[in-house]
Each structure stands twice: as C-alpha cells, then as structure tokens.
Protein chains: 2
Amino acid sequence: MARLQGNALIGQSGGPTCVINQSLVGLVEACTRSDAIQSVYGALQGIQGILTENLIDLGAETQATLEAVATTPCAALKSVRKKPTQDDAARVLEVFKAHDIRYFFYIGGNDSAETAHLLNETAVAAGYDVRLFHVPKTIDNDLAVTDHCPGYGSAARFVAQAIMGDDQDNKSLPGIKIDVIMGRHAGWLTAASRLSRVTEEDGPHLIYVPERAFSWDAFLGDVQRTYDAHGRCLVAVSEGIHDADGVLIAEGGEKDQFGNAQLSGSGALGDLLAGRVKAGLGSGLRVRADTFGYLQRSYFGVVSPSDADEARKVGHKAVEVATGGEVPHGSLVILREEGTPYRARFDVTDLANVAQKTRVLDDVYIEGTNDVSAAFLDYALPLVGELPVRGRLAAQPVAKRLS
Amino acid sequence: MARLQGNALIGQSGGPTCVINQSLVGLVEACTRSDAIQSVYGALQGIQGILTENLIDLGAETQATLEAVATTPCAALKSVRKKPTQDDAARVLEVFKAHDIRYFFYIGGNDSAETAHLLNETAVAAGYDVRLFHVPKTIDNDLAVTDHCPGYGSAARFVAQAIMGDDQDNKSLPGIKIDVIMGRHAGWLTAASRLSRVTEEDGPHLIYVPERAFSWDAFLGDVQRTYDAHGRCLVAVSEGIHDADGVLIAEGGEKDQFGNAQLSGSGALGDLLAGRVKAGLGSGLRVRADTFGYLQRSYFGVVSPSDADEARKVGHKAVEVATGGEVPHGSLVILREEGTPYRARFDVTDLANVAQKTRVLDDVYIEGTNDVSAAFLDYALPLVGELPVRGRLAAQPVAKRLS
C-alpha cells in the first residue's frame, strides 16, 4: 500500500463534547508534523462544509490559538447532523480531488462513522486513493469496540458532580428529586450518577437506564420504598427510558435525518415523571425534576484530565495510523490495559465495526431494574478522575432539656 | 449593653448555596475563639430543629471535618422553609433559655431575616437577653443594603460557565436556544449570563429579567431579528418573568408558607417559551430549552474564590459584632470599597432593613427590555472571579476550486 502524499481535511460532526477540540488539535499537530501531509484543512460544519467547499486552513492557526481551542468545549469547526446521499458522496469526492485531499479525519459518533464508511465505499468504487478515518467522540459512550469514547469522561464528571451537589441539596431540603440525564439508547452517562453514592444514605437512590424496560408501577413502588426508608429520594433517569414494548416514556415529536427522536432540550420527561409521582404517591409530597440538558456536553470548565489527554492522543494516533501506510481506513479505538493503575492504548478497527452500531451498558454494570453495580465504578472512575469529597458533620446530639 | 456570657446556636434556612457552609464554619471558628461563648450548637433544619430541640454540638467537630464541610455545597445543618408563628417564637425562647442560648445566628435569605426579626421581637418583649444575627446567603442576590450576597458569586459563576459552554454548543449546531435561570423577583443571576458575551457574535443575545415586563410580541420579534442577524439565537431568561400586569409567564401551582410560587424544579417555562417560538416563527426551526434548575445553587466543584472567602469572613464578622457588646441584633452586610482593585468590607444593619425586603437589579444594570448593561460587568466580575477564555480559530478560508 502506497504512502500517500497530499493534503489532509478534518471535520467535526454530531453533538458536541467538552474535549472534541482536543482531538481536532491533536490531528492538526500530527498532520503538521507529518512528511506525507502538505496542508491541513478544516471543513466548516462537517460534511456540509465539504459539499459547499467551505474549508479553512488549519495550518495557518498559531500554536497559542490551537491550545486555547483545545480547552474550549464544542466543535470549533462547527458541527452538523447530516447523512450524505449518494450524490453528496460523489460531490465530496470531487472536492477531495480538487484540493488533493488524501487524508480525511471525521470526528464524531456512530452516525459519523457511517458517513466515513459511505465516503470510503464511494472513493474505493471511483478508484480515488484516500485515507479515511473516524475519530471517536460522544458523551453517550455508546460506540462499539472502543473501551470508552473521548468526551464521555468529562460528561460523566459533570454528571457526577451535579448529582453530588443535588444530593446535598436534597439532604438540605428533603423531597423526591428526579434528574434526567442524556442517553438515548445507552445508560452510560446516567450510570455515572452512581459515582455520587459513597454511603448508603447518599443518592442517587434509584437509577433507571434504557437497557432495562421501565415500568410505572415498579417506579412508583421504588420511589415510595426509598422515601419511606430515607425520608427523601434522589432519582437519576436516562432520557431514553422506554416501556417493555420499546415505546419511549418521553415521546418527542421531532426526528433528525438519522431517525432519532428529540429527547434533549426539553423538560418534558422530568415533568412527566414528577407529575406521576405526585399523582401516585400524594400531592403533598415535595417533588421536583431537573433535566441536565446540554450542559452535560458543553459546560465550560469541568473536564476529566484523562479524557482531555486521551482525546488529544487519539488525534495523534489517527494521523500515525493513516500515514503509516498499512491501514487505508478505519475507526480509532481506545483499549484498556489489564490491571491497575489504569492505562489506555490506542488502536484502530474497521469502520464497519463502528458505523451505526450502538454499545449499550454491559449487563455486569447493571444491578436489578433500578441500580448500577459496583463493577461500573471500577470502569468509570479512571475515566472521570478524582472527584471532590463531601464533608460530613459528626453531628453529636445535644441532650434535650425540655419535654 | 452587657457583654453576654452563654452558648451560641447556629441555623441554616431557605434554599442552599455552594458556600453556605463557609459561613457556618466561619461562625463556628469565631464562636470557638470567643471568651463570651462557651458552647456552639447547631440546629438541624433551622427553626424546625429548635422547636424540636434537635441540636448538635458543633464544638465537637474536628477542624478537618469543618474544613471539608466548608467546601461542600448545601446546608450541612439541613435547611427548612418555615415561617414561625407566635407560638413557635415562644417555644424557641423556651429552648434558648433551657440551653442558655445567648447568641443566635441564622444563615439565610430575606425570609430568614424576617424569622430572626420575629424572634428578636419576642425575646425583647419577654425580657430575655439574646444577640440575634442574620447571616446573609442567597444565590438570588436580592437582599437589601448589602452590596451582594454570599452564594451569589458562585451561582453566577456556574451560570456564566454554563452559558459560555452552551453558546459554543449553539455555534456548533445553530438554532434557537432558551436557557431558564433562577430568580423569582430579581434578575441578578440571569444577568450573570452576560459575562459570557465577549464579542458581538457571542451569546446570550437576549436577556430577560423580571425587572422588565415580558411581552410575547416583543420576545418573538427579538428572537426573529437575532436569528436573522446571527443565524442563531441564545436567550437567557429569568424563571420569574411576568407580563405587564405582574402575572408570571410560568404559573406554578404550588406555593410555600411564604406565598412563593414553585418556579424551579420544572421545565415548564422553557418548554412554553420554546413551543411559542416554534409556533410563532416556524415549526422547521431548531428550538431547544434548558432549565438550569438546582445545579445553580448546588453544583459541586464550581465556586468563586472571593465568594467562598467572603462567606467565611461574614461568619467571623457576625460573631465579632455579636460579642462586641454594642449591637444587640442585626443583619450582616458586605460593602464594596470605592475604586479598584475590588475590596470588600463587612458591616451590620438593622434586621428590619433586610427582613422581607427584595432588592431588584438596579436600573443602571439593565439595558432596554432585553439586555444587561456593561456597568453590570464591572459589578459582577470581581464577585465571579476569572472565567475561562474561549479559544477562537482565525479560520482563514481556503480558496474554492469548484463552481
């Protein structure tokens, strides 16, 4: 296989993460260093920017700018949710030829891996030699093959700190509190709420993920039992929970081009759950719901150190593999070395292994119908990094003197 | 005025903040150091804990515990929303007498100042000598006299970083985004969203506070104009916005004992606003709403350094004033020295000046009907502390080669 000489193009696609620009900067750094690559361009708005030839020269950015961009959340190249048609793919190839693009890196989730896969098939059929690589990112952590996805650790950290704080809030002013967490098909991010529970008393007391069918009766019973035991109840629930028939509890109206329902950017599920708890368990109860929303993928200032580091390095690795001359296309993956302390290594798998595939929470990480297992903590802690520690008063009672 | 000898009691009341335990620990430290105070107790659940004689010995806590508690969000003594009746006040006095409580410190907002005021009147009428002090806290920043309230700086920081990130999100995937921010009567916290806007392009593009009447027509016009100009629109809106007749746009059903409607813990207002934008401006628009909810007052790990510092020191000052023998009761305030750099000093004012009073955003901090002024930035920045800085690509275009 020939080592190609030419230009590189980078695009970002799908929902943002807090470290998606670490991967962008990692790619730019490694492309700039590579002898095989002359210029490194960025496509604005992912595939859309290629179709309209809306490209920028990333090689012209200063190192200071790149470092500042790396620590800034959300796609610096702007993003898009677009599934290319056959005509689109042909047009992309024309743009590749016109700009001598021989390396294309698409940072995104499984929809983006599918896009890369489609472009690759078009290029192969047309006999145009180009190295196409999918660089993973998603707060949902639901990509196949990889141990975890860049973006997940930071989002999980945001959720863990949010739940820790909200648990303190709920201890301060007891009641039933429901927190809705992102995760359409997989409960990885909701499971991260479990990191908040250090003692039996701590919330979240109940965790519902899309990997288990949601039942209203079971839910109301769980909440009642928890409230009876603790005088309060903190619930973490995935936006994607559904009943035994697969019908979403929150049925959004809008769907995107990949057929995904709109679940985020609305408080509907939280309000529905809170309303049913009030109706079912007593209108006098103090019931509140928060939907963490886009803050989970975009909050500026809460980042997992290992997530930021790996997101950068996966960009380096992508260029190393692409210019190595042995693998023509693929999706980057992060693998976990056996044993402790936690160590990651980077590898590559076929695009077809990742495209449009979803990895849900492993059974070993789920406990019953309303909780996450201790094994999940071992999985998640190194990805999230050290969390703040709650101070707890010893609270020695003063003897009563009145009747 | 005699310098009283006796025990001290501390309570926490109302909604939590991220630094409310800094004030608690500041009080405990200073009480422990004072010759006038023998024991320092905490009332669990504020006034409710006094009524039930549910007291703990704060003097028995280790310094390490106190330091850990100081950096933990939300009331470590647990909180309450309770307005004491005359009978309650009489019972409180009995508990004070039984435990020789001569110093009472109540950490809370204006409802808590009112409670302290009521207790003081009861004590004076009964001839029981006790020093009663209100120690301010509220993320709403709506207390009278004080320049700002402990708790506000950290909540404002949380909001600013959330909006900065969400603005990046909205640049990545453009659309109309509405963020609902806490603030029942005053727009202080919503105004903090303005800290995110560094360039004309940055959001929030529109800011609505309860100090100005909200009009649906004006709102929809504002959003349309912004969308036409920027291709996107980020809106920050107070939960407490109301029409010209004072009717809340989000009419919650529940009210607490002080007659306050439930606005938080529900996504209803955001969804209402988003729905009206879709209906009014076109169903094809990408419109999303997030309600930041309790994270604003409880998020674990985002704190303003000056807020944490001042919250601790206001506790020290409260004990200094109370044991000084010159002021029998009052509410602690923070005053801002003239000039730069920012410096705060601590003082005390009459309880009646703070009890049940609300300080709304000064006119000088509001611009028109949908924005906050530059003067507000000078006010807020020292309270919030240095914010992260966005990296921005120079984005030099690559010349097009196709038609």
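Since every read-out is calculated from the coordinates, none of them should be taken as a lab result. Note that the structure is predicted; figures quoted are calculated from it, not measured. When we count neighbours, we look across all protein chains shown, and the Cβ atoms used for this are built from the backbone with ideal geometry, even at glycine.
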Checklist entry - About the Cα centre of chain B, what is the dipole size in debye to 20, counting +1 per Lys and Arg Cβ and -1 per Asp and Glu Cβ, all else neutral? => result 1020 debye
Checklist outcome for this item: Taking only the alpha carbons of segment A:67-225, the radius of gyration and the largest Cα-Cα distance, Dmax, both in angstrom, are 21.4, 66
Checklist entry - In debye to the nearest 20, how big a dipole does segment B:78-151 give about its Cα centre with +1 on each Lys and Arg Cβ and -1 on each Asp and Glu Cβ? => result 260 debye
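Contour minus end-to-end for A:E121 and A:A64, with contour as 0.36 nm per residue of separation and end-to-end as the Cα-Cα distance?
The span from A:E121 to A:A64 would gain 16.8 nm if fully extended.
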Checklist entry - Using a Förster distance of 41 Å, how high is the FRET efficiency between A:S34 and A:D362, based on the Cβ-Cβ distance and rounded to 0.05? => result 0.65
Next on the checklist: As I understand it, the dipole of segment A:123-263 uses +1 on the Cβ of Lys and Arg and -1 on the Cβ of Asp and Glu, about the Cα centre. Which of A:V124, A:I249, A:A144 lies farthest toward its positive end?
Outcome noted: A:V124
Checklist entry - Whole-Hz Karplus ³J(HN,Hα) for segment A:388-403, in order, using 6.51 cos²θ - 1.76 cosθ + 1.60 and θ = phi - 60°, x for Gly and Pro? => result x, 10, 5, x, 10, 5, 5, 6, 6, x, 8, 4, 6, 10, 10, 6
Next on the checklist: Ordered shortest first, which distances in nm separate the 7 Å Cα→C-beta label point of B:K400 from those of the other copies?
Outcome noted: 8.0
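Using the Kirkwood formula on the Cα atoms of segment B:48-149, what hydrodynamic radius do you get, in angstrom to one decimal?
15.0 Å
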Checklist entry - Where Lys and Arg each count +1 and Asp and Glu each count -1, what net charge lies around A:Q38 among other residues with Cβ under 13 Å from its Cβ? => result -1
Item to check | Shortest-first distances to equivalent copies, position A:D228, nm, label 7 Å out along Cβ | outcome: 6.1
Item to check | Computed log₁₀ I(q)/I(0) - Debye formula, equal Cα scatterers, no solvent, segment A:114-169, q 0.29 Å⁻¹ | outcome: -1.04
Item to check | Pairs of Cα atoms farther than 25 Å apart, segment A:256-403, % | outcome: 60 percent
Checklist outcome for this item: On each of the three principal axes the extent of the alpha-carbon atoms of the protein assembly as shown, given in whole Å and largest first, is 97, 54, 46
Checklist entry - Who wins for biggest fluctuation among B:Q224, B:Q161, B:Q22 in a Gaussian network model of chain B, springs between alpha carbons below 10 Å? => result B:Q224
Item to check | Cα gyration tensor, segment A:202-241 - rounded (a/c under 1.5), prolate or oblate | outcome: oblate
Checklist entry - Taking amide hydrogens as modeled 1.01 Å from N in the peptide plane, which residues meet the under 5 Å criterion relative to B:I366, leaving out close sequence neighbours? => result B:S373
Item to check | Gain upon complete extension [B:E200, B:R336; 0.36 nm per residue less C-alpha separation] | outcome: 46.0 nm
Checklist entry - What length, rounded to one decimal in nm, is gained on full extension from A:V389 through to A:D147, with 0.36 nm per residue of separation minus their alpha-carbon distance? => result 84.4 nm
Next on the checklist: What number results when the radius of gyration of segment B:280-340, computed over Cα atoms, is divided by 2.2 N^0.38 Å?
Outcome noted: 2.01
Item to check | Given charges at Cβ of Lys, Arg, Asp, Glu: segment A:280-403 dipole, positive-most of A:N370, A:P341, A:G280 | outcome: A:G280
Item to check | Size of electric dipole in segment B:278-403: Cβ of Lys, Arg +1 and of Asp, Glu -1, about Cα centre, debye, nearest 20 | outcome: 1080 debye
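Calculate the all-directions average of the projected area of chain A's alpha-carbon convex hull, and give it in nm².
22.7 nm²
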Next on the checklist: Within segment A:188-226, list the residues whose amide N lies under 18 Å from a label point set 7 Å along Cα→Cβ of A:D378.
Outcome noted: A:192, A:194-195
Item to check | All Cα pairs of segment A:329-399, percent lying beyond 14 Å | outcome: 76 percent
Next on the checklist: Which of rounded, prolate or oblate describes segment B:26-81 when judged by the alpha-carbon gyration tensor and an a/c cut-off of 1.5?
Outcome noted: oblate
Checklist entry - Rounded to the nearest 5, what is the percent of antiparallel bridges among the DSSP beta bridges in chain A? => result 30 percent
Checklist outcome for this item: One residue of chain A has its C-beta nearest the axis rotating A onto B; that residue and its distance in whole Å are A:G267, 1
Checklist entry - Got the B:R336 label distances to the other copies yet, label 7 Å along Cα→Cβ, in nm, shortest first? => result 4.9
Next on the checklist: If you filter segment A:306-390 for chymotrypsin sites (Phe, Trp or Tyr not before Pro), then keep DSSP loop positions with at most 14 other Cβ within 10 Å, what is left?
Outcome noted: A:Y342
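List the GluC sites (Glu not before Pro) in segment B:336-375 that DSSP assigns to loop (not H, G, I, E or B) and whose Cβ has at most 11 other Cβ atoms within 10 Å. Which are they?
In loop regions of segment B:336-375 (DSSP not H, G, I, E or B), the sparsely surrounded GluC sites (Glu not before Pro) are B:E337, B:E338.
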Checklist entry - Which GluC sites (Glu not before Pro) from segment A:157-242 combine a DSSP loop assignment with at most 16 other Cβ atoms within 10 Å? => result A:E200, A:E201
